[in-house]
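Trainee: A single structure is presented below for examination.
Please treat every number below as a calculation from the coordinates, not as lab data. As the structure is a computational prediction, the values presented were derived from the model and not from experiment. Please note: Cβ atoms are built from the backbone with ideal geometry, for glycine as well, and neighbour counts cover all protein chains shown.
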Amino acid sequence: MSQPSLLAPARPPRPRRARAVVSTVLILGGTGEARDLAALLAAVDRQPHGVPVPPAALERREVAELRVVSSLAGRVARPRLPVGEVRIGGFGGPERMASWLRAEGVGCVVDATHPFAERISASAALATAAAGIPLLRLQRPGWEQDLDDVWHWVDSLPEAASLLPELGRRVFLTTGRQGLRAFTAVDDAHFLIRCVDPPEPADLPADHELLLARGPYTVEGELALIDRHRLDVIVTKDSGGRLTAAKLDAARTRRLPVIVVRRPGRPQLPEVATATDAAAWVRARLR
């Protein structure tokens, strides 16, 4: 008579635990578009809850996760912070930036800095080339001149300053606190200077009034400002976007001349104009 088997029934194999593999994207930020991109990427769970992990990924024990790091220059005292990780401060030049990119395992970089942030854009182009990392520029379109606009295009702040005596004496200066020294030599002019943070006293023209404010602004508010201060000329950079464009609409209404500083040249790179297109580019490279 045969003895019953004492062997326990075979257990089903344990499901393999998928190991998260982190893909890192660096956003060089400080603009609304950079914050929008960080929010879009943070909202995209690359393996959403409730969606089965593909068998091939289980075999590799890998599930991709996206790490979003935004870098801010640190020039604004109270910056609007994006979602995700944030680092504040410079990298110390292209070589150190390339080392940081390698050490952090960055898979791609999006340059979403201000259109006039020449130094960091140049460093990013050199650093990503040295590290062999793809780089995309996310840049909002520049402003387009309407037929009713009285715009005078220049290539630099000193050129804008030299043009002022021909156009007006009560100046609405909205170029930011960097580069104000170019206007200290302008005689017989009163400046209303609007910026986010206080400039260095040595950079300010002798006859000025300082207005610390942060956009967005309204056309009604800009019209009231123009009338209250009896402004007769505006100086601005071609920053683009709607955040500060109300002054241009107000200038058109009041028929004021506007001196517009053209954007500087940048390294030739792939470029998109919206955060949505930039997010698609990132996901395509970090799949």
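Trainee: Give the share of C-alpha pairs in each 5 angstrom bin for the chain, from 0 to the last occupied bin, in whole percents, shortest bins first.
Mentor: Computed distribution, short to long bins: 1, 5, 11, 13, 14, 12, 10, 9, 7, 5, 3, 3, 2, 2, 1, 1, 1, 1, 1, 0, 0, 0, 0, 0.
Trainee: I've got another one for you. On a 0 to 90° scale, report how tilted helix 118-131 is relative to the longest principal axis of the chain, with both axes built from alpha carbons and the result rounded to the nearest 10.
Mentor: Rounded to the nearest ten degrees, it is 30.
Trainee: Where does the charge balance sit around Pro264 when Lys and Arg score +1, Asp and Glu -1, over other residues with C-beta under 14 Å from its C-beta?
Mentor: It works out to a net charge of +1.
Trainee: Still on this structure, I have one more. Which far-off residues, 5 or more places away or on another chain, put their amide H under 5 Å from the one on Trp153, with H placed in the peptide plane?
Mentor: Residues meeting the amide H criterion: Val260.
Trainee: Right, something else. Counting other beta carbons within 10 Å of each residue's own, what order do Thr218, Thr236 fall into, fewest first?
Mentor: Thr218, Thr236
Trainee: Under the classification rounded if a/c is under 1.5, otherwise prolate if a/b is larger than b/c and oblate if not, where does region 150-261 fall, given a ≥ b ≥ c as square roots of the Cα gyration tensor eigenvalues?
Mentor: Taking the square roots of the gyration eigenvalues as a ≥ b ≥ c, region 150-261 is rounded.
Trainee: Could you state the angle between the C-alpha long axis of helix 275-285 and the longest principal axis of the C-alpha atoms of the chain, as a value from 0 to 90 degrees rounded to the nearest 10?
Mentor: Result, in degrees: 40.
Trainee: When Lys and Arg each count +1 and Asp and Glu each count -1, what net charge do the other residues less than 13 Å away from Arg119, Cβ to Cβ, add up to?
Mentor: It works out to a net charge of 0.
Trainee: A further question follows. Given the Cα-Cα distance of Glu200 and Glu159 and 0.36 nm per residue of separation, how much length would full extension add, in nm?
Mentor: Values: separation 41, 0.36 × 41 = 14.76 nm, distance 2.13 nm.
Here the answer is 12.6 nm.
Trainee: What are the ³J(HN,Hα) values, in whole Hz, obtained from phi via the Karplus relation 6.51 cos²θ - 1.76 cosθ + 1.60 with θ = phi - 60°, for each residue of region 26-34 in sequence order, with x given for Gly and Pro?
Mentor: 9, 10, 7, x, x, 10, x, 5, 5
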